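Okay, structure first, notes after.
The values are calculated or read from the model by the stated rules, or taken from the named source; none is laboratory data. The structure presented is a predicted model; accordingly, all values stated were derived computationally and were not measured. Virtual Cβ from ideal backbone geometry, glycine too; neighbours counted across all protein chains shown. Note: areas computed on protein heavy atoms with side chains; ligands, DNA, RNA excluded. Shrake-Rupley method; radii C 1.70, N 1.55, O 1.52, S 1.80 Å.
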Amino acid sequence: MEKKLPIGVLASGSGSNLQSIIDHIEQGRLDADIRVVISNNPDAYAITRAQKHGIPFVIVRHQEFPDREAFDRQMAEILISCGVELVVMAGFMRVLSPLFLKTFPQRVINIHPALLPSFPGLHGQRQAFEYGVKFSGCTVHFADDGVDSGPIIIQAVVPVLETDTEDTLAERILREEHRIYPQAIQFYAEGRIEIHNRQVRIRGLKESASQVLHNPPLEGF
């Protein structure tokens, strides 16, 4: 029997990326085992998703702790007790402290709804839409002590259509999030990720330099 990567998921909201990870595991496409879901929000629908699939969950209310490090220390203790090797942030609306990141060095990943390093922070889709970019997308990256600034693992590019609204763009970006996040976790589970300074390299990739996108499309050039 193949070893499953033990992961812990941090979520504060609806948990749609959590659901995608669960679905890929249950379909046999992702070699991971969700040991625990931790939420700082007792009303998060992510908790309901965990319950439906028999996944252990813990609610840790950040308001009950004197500071960020005390809150993070409690989460870290739970994750360690569950044997978690990779921490997966799935809509977790808290900035992790250096204490937490040192506990799981290069073992915390996050997903952001923009093509980093552009448009970090809150509402990446809105920032991109209002700026008027022709391409947006989403990024899975390692978490560091900055805001959406860690080494990039995988990105998906989504064209911004002239008929788009912020909501339609966000919906298409979310569909790609649900594809690339399980893939990033699978790369990690297979031991294929190498980090050289800021460069994340995936062993065994078949790359093509001809993958060029244009938006609007070229007309005769």
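Some notes on this structure:
- Check on D167, in contact (Cβ under 8 Å) with a residue 24 or more places away in the chain and out of contact with any strand residue (DSSP E or B) (no Cβ under 7 Å at 6 or more places or on another chain): no
- When residues of segment 1-34 are limited to those that are basic (K, R) and at pLDDT 95 or above, the one most open to solvent (accessible area, probe 1.4 Å): R29
- Those residues of segment 105-152 which are acidic (D, E) and either more than 17 Å from N197 (Cα to Cα) or free of Cβ contacts under 8 Å to residues at least 24 places away in the same chain (or both), in sequence order: E130
- Members of segment 184-201 found to be touching a residue at least 40 places away in the same chain (Cβ under 8 Å) and either of a type in the set (D, E, K, R) or in contact with a strand residue (DSSP E or B) (Cβ under 7 Å, 6 or more places away or on another chain) (or both), listed by number: A184, I185, Y188, A189, E190, I193, R198, V200
- Within segment 41-85, tally of residues that are buried (at least 19 other Cβ atoms within 10 Å of the Cβ) and touching a residue at least 60 places away in the same chain (Cβ under 8 Å): 3
- Count - residues of segment 163-207 that are of a type in the set (D, E) and modelled with pLDDT under 95: 1
- For segment 89-129, the set of residues classified as of a type outside the set (K, R), closer than 22 Å to K4 by Cβ and either touching a Gly at 6+ places or on another chain (Cβ under 7 Å) or open to solvent by 40 Å² or more (accessible area, probe 1.4 Å) (or both) consists of A90, T103, P105, Q106, listed by residue number.
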